[in-house]
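Below is one structure, written out as structure tokens; the observations come after it.
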Amino acid sequence: MSGKKVILITGSDLADVALRMLEDYEPVFTGRQPTEAQLIALCQQHNPVAILVRYGKITASVMDAAPGLKVISKHGSGIDVIDVEAAAARGVMVRAAAGANAAAVSEHTWALILACAKSVIPLDRRLRAGHWDKATHKSLELEGRTLGLIGLGAIGSRVAKIACAFGMKVLAYDPYANTVPPECERVDELKDILMHADVLSLHCPLTQQNKGMINASTLAYCKPGAILVNTARGGLIDDAALAAALRAGTLRWAALDSFSSEPLSTPHVWEEIDNVILSPHVGGVSDASYVKMGTGAAANILQVLQTSSQTETTH
């Protein structure tokens, strides 16, 4: 080891420019999908001053294994994998690279919406099997339809702007948003947005209050034939209830980029459901966002460590 203080990176790589930002520290990579036991062992071995979180969960036990820990910085915007209350109790700062992947996630959201509305996957499969469905197929035209957004942060706001280019009406439900973009009409009750949305897209963080918010009761409010897209967090949806709605045809399509348990293992509930599109939580990962998330996470670490150092010096 170099003698430098350690920054633990829960992954196997980081953008080169972000690594150069952290050159005064020793980076230690955990590898992909580290377990709690592995994280604890590495913390006990290296006592990192910072943890840069790409994969895995940072629990109270992990924090306790690193008494010198000052900051936990997320490589992205979602901090639900970090025990924020435990960090606060231990005086450990938690930071996120807010907005760094907004363009990537909003683009992926629209890729999924369009794939559902235009039946991209089933048409491809049938054509490869020798069928020519031109005379019988009708896709869903988005112009004049209603997009319902749950969550109106950096990502939801970008999705709203793109919807306007398609000529869609945009309804937004976000009780925590102080302002609403001019493209959106605010809705105060969740059931109201479910009742009117032809396409429903989730863009809110996962909390104890909204866990399982899309369930049998709320799905009952949805318009028949609606499309549901989730590029936020899997825990927002009750999988069994969504699967039942898709099988019954209550929903036309769903597209999921995140899951309550990751990585998605087999067997799983979606294997036998044809009207769902799956992607492995890659919405926020693009060539550009990889760099932006890395540099954002690194900048957050440096800011906290610099402030901590100055405070210690004055005392």
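The values are calculated or read from the model by the stated rules, or taken from the named source; none is laboratory data. Model, not experiment: these values are computed from the prediction. For neighbour counting, all protein chains shown are included, and Cβ atoms are generated from backbone atoms with ideal geometry for every residue, glycine included.
Does Asn210 satisfy being polar (S, T, N, Q), surrounded by 17 or more Cβ atoms within 10 Å (Cβ to Cβ) and either assigned by TED's automatic domain parsing to the domain that holds Gln33 or in a loop (DSSP other than H, G, I, E, B) (or both)?
Against the criterion (polar (S, T, N, Q), surrounded by 17 or more Cβ atoms within 10 Å (Cβ to Cβ) and either assigned by TED's automatic domain parsing to the domain that holds Gln33 or in a loop (DSSP other than H, G, I, E, B) (or both)), Asn210 qualifies.
Consider Val92 carefully, then state whether it is surrounded by fewer than 17 Cβ atoms within 10 Å (Cβ to Cβ), out of contact with any Gly (no Cβ under 6 Å at 6 or more places or on another chain) and not small (Gly, Ala, Ser).
Here the answer is no, as Val92 does not meet what is asked.
Name every residue in region 290-309 that is farther than 17 Å from Arg95 by Cβ and crowded, with 17+ Cβ neighbours inside 10 Å, in order of residue number.
Correct list: Tyr290 only.
Only one residue in Ala100, Ala88, Ala115 is assigned to a loop (DSSP other than H, G, I, E, B) and aliphatic (A, V, I, L, M), so which one is that?
The match here is Ala100.
Which numbered condition in (1) among the β-branched types (Val, Ile, Thr); (2) without any contact (Cβ under 8 Å) to a residue 24 or more places away in the chain; (3) surrounded by 19 or more Cβ atoms within 10 Å (Cβ to Cβ) is the only one that Val28 fails?
Among (1) among the β-branched types (Val, Ile, Thr); (2) without any contact (Cβ under 8 Å) to a residue 24 or more places away in the chain; (3) surrounded by 19 or more Cβ atoms within 10 Å (Cβ to Cβ), Val28 violates only (3).
Out of Gly151, Gly167, which single residue is among the small types (Gly, Ala, Ser), on the phi > 0 side of the Ramachandran plot and surrounded by 14 or more Cβ atoms within 10 Å (Cβ to Cβ)?
Unique residue meeting the criteria: Gly151.
Looking only at region 75-85, which residues are outside any helix (DSSP H, G or I) and of a type in the set (Asp, Glu)?
Asp80, Asp83
Going by the conditions given, is Ile150 touching a residue at least 40 places away in the same chain (Cβ under 8 Å) and either hydroxyl-bearing (Ser, Thr, Tyr) or more than 21 Å from Asn275 (Cα to Cα) (or both)?
yes
For the list (1) surrounded by fewer than 19 Cβ atoms within 10 Å (Cβ to Cβ); (2) under 30 Å from Cys164 (Cα atoms), I need the number of the one condition that Ile40 fails.
All conditions are met except number (2).
Of the residues that sit in region 262-276 and are touching a helix residue (DSSP H, G or I) at 6+ places or on another chain (Cβ under 8 Å) and under 21 Å from Pro122 (Cα atoms), which one is surrounded by the fewest Cβ atoms within 10 Å (Cβ to Cβ)?
Out of the qualifying residues, it is Asp274.
Checking the structure you have, find out if any residue of region 223-231 is among the hydrophobic types (A, V, I, L, M, F, W, C), free of Cβ contacts under 8 Å to residues at least 40 places away in the same chain and closer than 22 Å to Gly167 by Cβ.
yes
Quickly run through region 175-185 and pick out the residues that are surrounded by fewer than 20 Cβ atoms within 10 Å (Cβ to Cβ) and either farther than 15 Å from Cys204 by Cα or acidic (Asp, Glu) (or both).
Thr179, Pro181, Pro182, Glu183, Glu185, listed by residue number.
So which of Arg247, Arg252 is among the basic types (Lys, Arg), on the phi < 0 side of the Ramachandran plot and in contact (Cβ under 8 Å) with a residue 60 or more places away in the chain?
From the options Arg247, Arg252, the qualifying one is Arg252.
Can you tell which of Ile193, Ile121 is under 14 Å from Leu228 (Cα atoms), outside the structural domain of Gly78 (by TED's automatic domain parsing) and either surrounded by 23 or more Cβ atoms within 10 Å (Cβ to Cβ) or touching a strand residue (DSSP E or B) at 6+ places or on another chain (Cβ under 8 Å) (or both)?
Matching residue, one of Ile193, Ile121: Ile193.
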